[in-house]
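Structure record follows, encoded as structure tokens.
The values are calculated or read from the model by the stated rules, or taken from the named source; none is laboratory data. Every value quoted in this text rests on a predicted model; they were computed, and no experiment measured them. Neighbour counts are summed over all protein chains in view; Cβ atoms, including those assigned to glycine, are modelled from backbone coordinates with ideal geometry.
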Amino acid sequence: MFQLKDVKVDPILNIKALHFEQRRITSIIGKSGSGKSTLLKLLNHLISYDNGIIQYNGQDISTMDPIQLRREVVMLSQTPSIYDGTVKDNLLIGLKFSEKDTDSIHDQQLHDLLEKFDLHKKLDENADDLSGGEKQRLAFARIILMDPPVYLLDEPTSALDDETADEVMERFFQFIKSNQKTVIMVTHSLKVAEKFSDKIVDITNINDKEMSVTHG
């Protein structure tokens, strides 16, 4: 799905060759400052690279409309965006940004989605009043509702305790596998990477940060 060749972001990344497979779960691990989040942002065309080629489904992403790319490749950042308004507003806003229909989405469907992530909140509650962990779970529910083919996750459980994080990730990846989605996830936790991933990409400081790949 993604192919990278001779991609350089000086002085952070120098990737000779790397690919991410469709309908697979890939985790990116490595030391702090090793370029994990930078790599994820490259795939979402949020930042530019100095040289090289990044292709998405065979097309050079530099030639693609970034908005269209981000409708297909949805990113959940470490500190997810929460917008002014209610819980319901924040659930639906991803669909609105993607210019998808929201009229067919019923409140019961939204309630069920919140329950999936143990978020027992009313739809008319102010989203800004949620805790950090609740906002992160709300963002998970929002990206599932968007239903893109590809999910990019940057430390998706950073605001959650271990027990909640494990439950959230279990439910998220059940959805991913049953719907044959693609996930590329940055995580500091080798335990999380080994439990959920089909493949692990380890960014090391050896050999000018070339990629070491481990298959699950």
Sole miss for S98 among (1) surrounded by fewer than 14 Cβ atoms within 10 Å (Cβ to Cβ); (2) at pLDDT below 95 is condition (1)
Scan of the range 43-72 for residues that are assigned to a helix (DSSP H, G or I) and within 18 Å of L13 (Cβ to Cβ), ordered by number: L43, I61, S62
Does I61 count as under 20 Å from T182 (Cβ atoms), touching a Leu at 6+ places or on another chain (Cβ under 7 Å) and free of Cβ contacts under 8 Å to residues at least 24 places away in the same chain? yes
Please identify the pairs in which a residue from the range 132-157 that is without any contact (Cβ under 8 Å) to a residue 60 or more places away in the chain and closer than 15 Å to D112 by Cα has its Cβ atom under 9 Å from the Cβ atom of a residue that is among the basic types (K, R) and surrounded by 23 or more Cβ atoms within 10 Å (Cβ to Cβ), counting only partners at least 6 apart or on another chain. none
Given the criterion surrounded by 15 or more Cβ atoms within 10 Å (Cβ to Cβ), within 25 Å of V192 (Cα to Cα) and in contact with an Asp or Glu (Cβ under 8 Å, 6 or more places away or on another chain), identify the matching residue among V87, V74, V150. V150
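Would a scan of the range 30-43 turn up a residue that is closer than 17 Å to E155 by Cβ, among the β-branched types (V, I, T) and in contact (Cβ under 8 Å) with a residue 12 or more places away in the chain? Break it down stepwise before answering.
Taking the range 30-43 and keeping what is closer than 17 Å to E155 by Cβ, we get 30-43.
Filter again for among the β-branched types (V, I, T), leaving 38.
Cutting the leftovers down to in contact (Cβ under 8 Å) with a residue 12 or more places away in the chain gives us 38.
Yes, the range 30-43 has at least one match.
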Please work out which residue is farthest from G33 (Cα to Cα), limiting yourself to the range 168-216 and to residues that are modelled with pLDDT under 90 and of a type in the set (V, I, T). V168
Members of the range 13-37 that are touching a Leu at 6+ places or on another chain (Cβ under 9 Å) and in a loop (DSSP other than H, G, I, E, B): S34, G35
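Could you pull out the residue among G52, G33 that is on the phi > 0 side of the Ramachandran plot, modelled with pLDDT of 95 or more and either among the small types (G, A, S) or surrounded by 20 or more Cβ atoms within 10 Å (Cβ to Cβ) (or both)? Working first, answer last.
Numbers: G33 fails: modelled with pLDDT of 95 or more.
Selected residue: G52, the only one of G52, G33 that is on the phi > 0 side of the Ramachandran plot, modelled with pLDDT of 95 or more and either among the small types (G, A, S) or surrounded by 20 or more Cβ atoms within 10 Å (Cβ to Cβ) (or both).
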